[in-house]
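The values are calculated or read from the model by the stated rules, or taken from the named source; none is laboratory data. Keep in mind that this is a model prediction, so the values were computed, not measured. No Cβ is skipped: glycine too gets one built from the backbone with ideal geometry, and neighbour counts run over all protein chains shown.
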Amino acid sequence: MNKSQLRIDIEHAINKNSAENGSDTPDFILAEYLISCLENFDRTIHARSQWYSHHCKIGGCDHKDIKDKALTNSTNSTNSTNSIILCDRCYLPTNNPSHPASGIILCDKCDGKI
């Protein structure tokens, strides 16, 4: 997901339909809110899947095997520098640190950087 383009598209749709009139809230604030809702929903679905031990399918690819392998590798490691960091959304390995405000770890693709 390209968050920057999605945000622009949502802002445009809000403005085109005068959807901001009901709350008198600027388009960009409403667009950011809706992006946050989507991100929170994604995290909620993943948490629910983990709770019920379901395999979470993203983009037609089952990442649970990757997550399980990465977790096994990181827990078997006695040296913390060999630990594998996983994206909180797709569970693929990433080198990105957690976001300072939320503590969430996202790979570049899930963070909209690629």
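Could you figure out which of (1) at pLDDT below 80; (2) exposed (fewer than 10 other Cβ atoms within 10 Å of the Cβ); (3) of a type in the set (Lys, Arg) isn't true of residue 16?
Condition not satisfied by residue 16: (1).
Quick one: how many residues across region 5-45 are more than 14 Å from the chain's Cα centre (by Cα) and among the hydroxyl-bearing types (Ser, Thr, Tyr)?
Within region 5-45, residues that are more than 14 Å from the chain's Cα centre (by Cα) and among the hydroxyl-bearing types (Ser, Thr, Tyr) number 4.
Evaluate region 47-64: report whether one residue or more is touching a Leu at 6+ places or on another chain (Cβ under 7 Å) and modelled with pLDDT of 75 or more.
Within region 47-64, not a single residue is touching a Leu at 6+ places or on another chain (Cβ under 7 Å) and modelled with pLDDT of 75 or more.
Against the definition (part of a helix (DSSP H, G or I) and either modelled with pLDDT under 90 or under 28 Å from residue 86 (Cα atoms) (or both)), how does residue 31 come out, yes or no?
yes
Does region 94-114 hold any residues that are surrounded by 17 or more Cβ atoms within 10 Å (Cβ to Cβ) and either modelled with pLDDT under 80 or of a type outside the set (Val, Ile, Thr) (or both), and which are they?
94, 106, 107, 110, 111
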